[in-house]
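**Q** My questions all concern the structure below.
The values are calculated or read from the model by the stated rules, or taken from the named source; none is laboratory data. Computed from a prediction, not measured in an experiment: that's the story for all the values here. For neighbour counting, all protein chains shown are included, and Cβ atoms are generated from backbone atoms with ideal geometry for every residue, glycine included. When the accessible area is computed, the model is the full protein with side chains, heavy atoms only, and any ligands, DNA or RNA have been set aside. Shrake-Rupley method; radii C 1.70, N 1.55, O 1.52, S 1.80 Å.
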Amino acid sequence: MADASAYADNVKKYAKGYNQKAAEKIVGHLGIALRNRDSSLVSCSDETELQRVRDKFCRNKLGLSQTNAEIDAAIGKVCETLKPEGSHKSRVTFYYLLAEHFGKLDELAG
């Protein structure tokens, strides 16, 4: 199992609850990307990156079938939620909040 403990406090600041197994799956999914500071963060001002979040995580990993507009709205909501983090939006927290928004935490944890 991937170690999500380094991200738990940040996730708990913004999430409604905390599903450790789901967080571990997200950390495992991100793998090596978390070793590099730049790739461990999400930039809400980078449209290409937000499209990648939508396509690679929301569509491929979560299996979402919602329209791009619906997914993009959820991504925008997470950007707003994490605004207090400034330019340091943890990718783990960002993905966790998206999974939570779409009701996919239990599925991830399973």
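**Q** Between residues in region 1-29 that are within 16 Å of Phe57 (Cβ to Cβ) and of a type outside the set (Gly, Ala, Ser) and residues that are outside any helix (DSSP H, G or I) and at pLDDT 95 or above, which pairs lie under 9 Å by C-beta distance while being six or more apart or on different chains?
**A** Partner pairs satisfying both residue conditions: Tyr7/Ser90; Val11/Tyr18; Val11/Ser90.
**Q** Those residues that are open to solvent by 80 Å² or more (accessible area, probe 1.4 Å) and either touching a helix residue (DSSP H, G or I) at 6+ places or on another chain (Cβ under 9 Å) or modelled with pLDDT of 95 or more (or both), I need them from region 38-47; list them, please.
**A** Ser45, Glu47
**Q** Also, quick follow-up: Does region 60-71 include one or more residues that are aliphatic (A, V, I, L, M), open to solvent by less than 30 Å² (accessible area, probe 1.4 Å) and not in a loop (DSSP other than H, G, I, E, B)?
**A** Scanning region 60-71, I find at least one residue that is aliphatic (A, V, I, L, M), open to solvent by less than 30 Å² (accessible area, probe 1.4 Å) and not in a loop (DSSP other than H, G, I, E, B), so the answer is yes.
**Q** Name the single residue that is nearest to Gly86 (Cα to Cα) among those in region 3-37 being open to solvent by 30 Å² or more (accessible area, probe 1.4 Å) and not in a helix (DSSP H, G or I).
**A** Checked region 3-37; the qualifying residue nearest to Gly86 (Cα to Cα) is Arg37.
**Q** Look at Leu50 and say whether it is assigned to a loop (DSSP other than H, G, I, E, B), over 17 Å from Gln20 (Cα atoms) and open to solvent by less than 70 Å² (accessible area, probe 1.4 Å).
**A** Numbers: assigned to a loop (DSSP other than H, G, I, E, B): no; over 17 Å from Gln20 (Cα atoms): yes; open to solvent by less than 70 Å² (accessible area, probe 1.4 Å): yes.
Against the criterion (assigned to a loop (DSSP other than H, G, I, E, B), over 17 Å from Gln20 (Cα atoms) and open to solvent by less than 70 Å² (accessible area, probe 1.4 Å)), Leu50 does not qualify.
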